[in-house]
Amino acid sequence: LILKNYQCPGDLLMLSACVRDIKKWYPHIEIDVRTSCDDIWTNNSNLTHLDENDPSVFELDMQYEIIHQSNENIHAHFIHGFIEDFNKKTGFAVKLTSFKPDIHLSEEEKTTPIFEDQSDRFIVLIAGGKNDYKSKWWWKESWTAVVKSCPDINFIQIGRVNDNDHLHPEIK
């Protein structure tokens, strides 16, 4: 199977949980992905390089329809969306095994400090987001207050460079 989705990295993190759980429930299935952010999949041992021109390879466009019920559905989280979609499209019965994405770091990534004086304590911060989903944002002033109140923790701010579709105000 080649699973396809070209949405933003946060969406693809939820897809990574689906890939992990497909492999846990059906280890004989070979899976590859085609997405908008290849780095999320680097070092992922659940993937097998597949050729889309091979007639035995099936491509599946992955979606998450339950997101449209997010205000009404208290029994499902976004992380369940791709699994539900996969099960509907294939007839399989994959279930979520771990309530987190599935990222595979290299040994170098695990051992190389991000900061020169890095302690083991740091937080990755995304302050902002896409202009079409501002309800996910938190106020810049609030992020600034959090950062200032934690002087012993290094913060790594990530996010797309400001453009027409995204805004990530710099937190000092």
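The values are calculated or read from the model by the stated rules, or taken from the named source; none is laboratory data. Worth saying up front: this structure is predicted, and the values here are computed from it rather than measured. Note that each Cβ is placed from the backbone with ideal geometry, even for glycine, and that neighbours are counted across all protein chains shown. Surface accessibility is based on the protein's heavy atoms, side chains included, excluding ligands, DNA and RNA. Shrake-Rupley method; radii C 1.70, N 1.55, O 1.52, S 1.80 Å.
Can you find, within the stretch 146-169, the residue that is farthest from Ala127 (Cα to Cα) among those that are of a type in the set (D, E, K, R) and touching a strand residue (DSSP E or B) at 6+ places or on another chain (Cβ under 7 Å)?
Here is the first cut: in the stretch 146-169, the ones of a type in the set (D, E, K, R) are 148, 152, 160, 163, 165.
Narrowing further to those that are touching a strand residue (DSSP E or B) at 6+ places or on another chain (Cβ under 7 Å): 160, 165.
Numbers: Arg160: 10, Asp165: 14 Å.
Among residues in the stretch 146-169 that are of a type in the set (D, E, K, R) and touching a strand residue (DSSP E or B) at 6+ places or on another chain (Cβ under 7 Å), the one farthest from Ala127 (Cα to Cα) is Asp165.
What's the total number of residues in the stretch 124-172 that are among the β-branched types (Val, Ile, Thr), in contact with a helix residue (DSSP H, G or I) (Cβ under 9 Å, 6 or more places away or on another chain) and open to solvent by 50 Å² or more (accessible area, probe 1.4 Å)?
So in the stretch 124-172, the residues among the β-branched types (Val, Ile, Thr) come out as 124, 126, 144, 146-147, 153, 156, 158, 161, 171.
Checking which are in contact with a helix residue (DSSP H, G or I) (Cβ under 9 Å, 6 or more places away or on another chain) leaves us with 126, 153, 171.
Going one step further and asking which of them are open to solvent by 50 Å² or more (accessible area, probe 1.4 Å), we end up with 126.
Of the residues in the stretch 124-172, 1 are among the β-branched types (Val, Ile, Thr), in contact with a helix residue (DSSP H, G or I) (Cβ under 9 Å, 6 or more places away or on another chain) and open to solvent by 50 Å² or more (accessible area, probe 1.4 Å).
Could you pull out the residue among Thr48, Thr42 that is without any contact (Cβ under 8 Å) to a residue 24 or more places away in the chain and hydroxyl-bearing (Ser, Thr, Tyr)? Quick ask: steps written out before the conclusion?
Numbers: Thr42 fails: without any contact (Cβ under 8 Å) to a residue 24 or more places away in the chain.
Every option except Thr48 fails the conditions.
Kindly indicate the residue of the stretch 117-145 that is modelled with pLDDT under 70 and part of a loop (DSSP other than H, G, I, E, B) and also farthest from Ser45 (Cα to Cα) among those meeting that condition. Step through it out loud before you land on a result.
We begin by selecting, within the stretch 117-145, every residue modelled with pLDDT under 70; these are 117-120, 133-135.
Filter once more, so that each one left must be part of a loop (DSSP other than H, G, I, E, B): 117-120.
Numbers: Asp117: 32, Gln118: 29, Ser119: 29, Asp120: 26 Å.
Step by step, filter the stretch 117-145, then rank; the result is Asp117.
Take the residues in the stretch 33-60 that are hydroxyl-bearing (Ser, Thr, Tyr) and touching a strand residue (DSSP E or B) at 6+ places or on another chain (Cβ under 7 Å), then tell me which one is least open to solvent (accessible area, probe 1.4 Å).
Taking the stretch 33-60 as the starting set, the residues that turn out to be hydroxyl-bearing (Ser, Thr, Tyr) are 35-36, 42, 45, 48, 56.
Still in the running and touching a strand residue (DSSP E or B) at 6+ places or on another chain (Cβ under 7 Å): 35, 48.
Details: Thr35: 16, Thr48: 48 Å².
Taking the candidates together, the pick is Thr35.
Any residue in the stretch 92-103 that is at pLDDT below 95 and either of a type in the set (Val, Ile, Thr) or assigned to a helix (DSSP H, G or I) (or both)?
Yes, the stretch 92-103 has at least one match.
Scanning the stretch 150-164 for residues that are assigned to a loop (DSSP other than H, G, I, E, B) and within 19 Å of the chain's Cα centre (by Cα), which turns out modelled with the highest pLDDT? Spell out the reasoning first.
Taking the stretch 150-164 first, the residues assigned to a loop (DSSP other than H, G, I, E, B) are 150-153, 158-164.
Remaining after also requiring within 19 Å of the chain's Cα centre (by Cα): 158-161.
On the way: Ile158: 83, Gly159: 79, Arg160: 70, Val161: 67.
Filtering the stretch 150-164 for residues that are assigned to a loop (DSSP other than H, G, I, E, B) and within 19 Å of the chain's Cα centre (by Cα), the one modelled with the highest pLDDT comes out as Ile158.
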